[in-house]
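S.K.: Below is a structure I'd like to ask you about.
Rule-based calculations on the coordinates, nothing more; no lab input. Here the structure is a predicted model, which means the values were calculated and not measured. In this analysis, Cβ positions are derived from the backbone assuming ideal geometry, glycine residues included, and neighbour counts consider all displayed protein chains.
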Amino acid sequence: MKISLSAALLFLAVPGAALAAGDALVHRDPGCGCCEKWAQMIRDRLGRKVVMREDPSRTTFQRRNGVPPRLSSCHTAVIDGMIFEGHVPIADIQRVLRTRPAGVKGLAVAGMPLGSDGMEVPGAQQQRYDVVAFGSGGVKIFTRH
């Protein structure tokens, strides 16, 4: 029984443990429609299968994966072992997955800025926003939009 319980706890602790290589796991707030728009961009532009999980306790998932509380948004994704919080532009995801900067565990876009990937509103002015890198190297601006 101890071995089975330990194995189950290990499975729950490893983000995306049940995913095939290259899949994207997205934990989202239940009922948030913009998350699906962003996930569709992952499918279309990254060519990834996306597994969506409605997660009312997503804050626990965020903390377990090192997302700083001030960078919280409406969804948290795990792609190739990296964490993406909120409406991170697909081009920035591609860049960080390609370059794998030392000390960077993931990227985040806090809140839900208008004009970010998945938050496009026809006729609305795009808000300026930062994409922030976080990990053992600290928290720093990765790029600005």
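S.K.: Applying the selection to region 50-67, what residues are among the polar types (S, T, N, Q) and within 16 Å of Cys32 (Cα to Cα)?
M.R.: Correct list: Ser57, Thr59.
S.K.: Is region 121-142 home to any residue that is basic (Lys, Arg) and buried (at least 18 other Cβ atoms within 10 Å of the Cβ)?
M.R.: No, the conditions are met nowhere in region 121-142.
Yes/no matrix, rows are residues, columns are (1) surrounded by fewer than 16 Cβ atoms within 10 Å (Cβ to Cβ); (2) without any contact (Cβ under 8 Å) to a residue 12 or more places away in the chain; (3) under 19 Å from Gly115 (Cβ atoms); (4) in contact with a Phe, Trp or Tyr (Cβ under 8 Å, 6 or more places away or on another chain):
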position	(1), (2), (3), (4)
Met41	no, no, yes, no
Asp44	yes, yes, yes, no
Lys49	yes, no, no, no
Arg64	yes, no, no, no
Gly81	yes, no, no, no
